[in-house]
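Heads up: the structure comes next, in structure tokens.
We did not get these values from a lab; they are worked out from the coordinates using the rules stated. None of the values given here were measured: they were computed from a predicted structure. Cβ sites come from the backbone with ideal geometry, for glycine too, and all protein chains shown count toward neighbours.
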Amino acid sequence: MAEEKAAPVKEAPVAKAVGAAGRGTTVIGDNVVSKVAGAAAREIQGVVELVGGVAGTLRKYAPGLSDRGVGTDVEVGRKETIIELSMVAAYGVNIPQVAEAVRANVIEQIEFATGLDVKEVNIEVTDIAFPQESRVE
């Protein structure tokens, strides 16, 4: 009896300056990288919120914009990117461990989703948030 082989799994294509066989180009916009980075950072326990950045400033003047890119500033080249994050951490967490988990997740998600090489993920923890205290009245 012949052994059946599983079909090979196709991996997501890597973004390149020139498309397959010179048939076009793929450009990954700053907004895409910013939103993926913000979503990836928010997945990590201990991150309360992302704050500031260009998207945060724009939201003040244009309510209704998505907050996915808030707290992120990115520089996107043809093949690589640098990401800056500003976040609020939860009180009681190990901030360096949370920052490293954020960095690792952002790198993984950006490289998977966009094919860009992440050169740096710089994280600024601007504040900590305390849990809400319940009041007895």
- Task: Give a residue-ordered list of calculated ³J(HN,Hα) values for segment 28-44 (Karplus: 6.51 cos²θ - 1.76 cosθ + 1.60, θ = phi - 60°; whole Hz; x for Gly, Pro).
- Result: 9, x, 3, 4, 5, 4, 4, 5, 5, 4, x, 5, 5, 5, 5, 6, 8
- Query: Using the Cβ atoms and a cut-off under 14 Å, what net charge is assigned to the surroundings of GLU84, where Lys and Arg are +1 and Asp and Glu are -1?
  - Reply: -3
- Relative contact order [Cα under 8 Å, 6+ residues apart], segment 75-137, whole percent: 51 percent
